[in-house]
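Beneath this line is the structure, given in structure tokens, with notes to follow.
The values are calculated or read from the model by the stated rules, or taken from the named source; none is laboratory data. Just so it is clear, the model here is predicted, and its values are computed rather than measured. Positions of Cβ are generated from backbone atoms using ideal geometry, with glycine treated the same way; all protein chains shown enter the neighbour counts.
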Amino acid sequence: MAIANRGELTDEQWEKIKPLLPPQKPWTGRAAYDHRTIINGILTILRTGAPWRDLPSHYGIHSTVSSRFYRWRKAGVWEKILAGLQQKTDAEGLIDWEVHLADSTVVRAHQHAAGAKGGNKTKLSGVVREVSPQKSTKRAEGFGKPMVFVLTSGERHDTIAFGDLLAGGKVKHIGRGRPKSRFRYFLADKAYSSQAIREKLSRQGATPIIPRKSNEKKRERFNRGLYRERNRVERLINRLKQNRRIATRYEKYAINYQAMLTIASILLWL
């Protein structure tokens with residue numbers, strides 16, 4: 001039994017993630033560096049926020065580790081791993097489809113995030129902006145695990161990401177059947193209090209548990225007891241931000257930051 005160093009995969013976590021990984025030996029026949037060692041190296045970068053070149057040598061050559069991170073990002077491997085873990089958890093009946101929660105947080109860009117090709121700009125949710133704070137909006141299931149996250153530029157309102165937030169997070173059945181996506185209650189703060197959002201939720205069969213803004217005329221009964229559960233998504237954000245690459249954006253491109261966010265989410269499903 002291997003003893004995991006701080007932040008590395010335990011044997012139990014490795015057994016869960018192993019079936020979801022690409023073959024250890026690629027079709028070219030050329031031996032690849034051990035997946036577990038490479039992933040542990042990536043997790044070290046995620047947790048510490050260190051530059052790739054400062055990766056401890058026992059994880060292998062830093063360029064090899066970073067290359068695997070980028071290659072798997074381009075191939076959609078990180079998203080497939082996350083989806084696979086969600087699928088398995090749902091099959092065990094451990095995803096809460098009764099209550100879903102949403103919140104957003106601003107992510108400050110480190111000076112190392114500057115210098116991307118194309119005039120130091122990055123693309124976020126269809127909008128090109130200079131490197132600046134960006135916003136990460138997350139939807140969690142009732143137990144506080146991440147279902148989907150959407151990146152937008154920091155100055156954009158939370159409601160801009162709502163369509164993608166609602167459309168994402170579908171979980172496929174093991175075997176036949178349509179993916180699960182519907183939940184009963186949607187908890188969010190006043191930033192999401194708009195008639196358009198309430199109507200979208202109603203069309204999906206969900207009840208919005210969202211406090212009205214002070215300037216809104218319409219009032220209805222508000223379930224304050226259920227609304228208190230929204231702190232679960234706030235705790236989720238805090239857990240994700242324990243990783244320095246999530247708390248501060250070091251990546252030059254938003255797509256790489258999103259991959260880091262996916263990996264941090266994977267850890268919470270293991």
TODO: Please state which of the following conditions Val233 fails to meet, knowing it meets all the rest: (1) hydrophobic (A, V, I, L, M, F, W, C); (2) in contact with a strand residue (DSSP E or B) (Cβ under 8 Å, 6 or more places away or on another chain); (3) surrounded by fewer than 18 Cβ atoms within 10 Å (Cβ to Cβ).
DONE: (3)
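Based on what the data block shows, is Gly144 assigned to a loop (DSSP other than H, G, I, E, B), modelled with pLDDT under 70 and not charged (D, E, K, R)?
Values: assigned to a loop (DSSP other than H, G, I, E, B): yes; modelled with pLDDT under 70: no; not charged (D, E, K, R): yes.
Taking the combined requirement at face value, the residue does not satisfy it.
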TODO: Can you tell me which residue among Arg244, Arg239 is charged (D, E, K, R), in contact (Cβ under 8 Å) with a residue 12 or more places away in the chain, within 22 Å of Val106 (Cα to Cα) and in contact with a Gly (Cβ under 6 Å, 6 or more places away or on another chain)?
DONE: Arg244
TODO: Quick one: in the range 247-270, of everything that is part of a helix (DSSP H, G or I) and of a type in the set (Phe, Trp, Tyr), which residue is nearest to Gly144 (Cα to Cα)?
DONE: Trp269
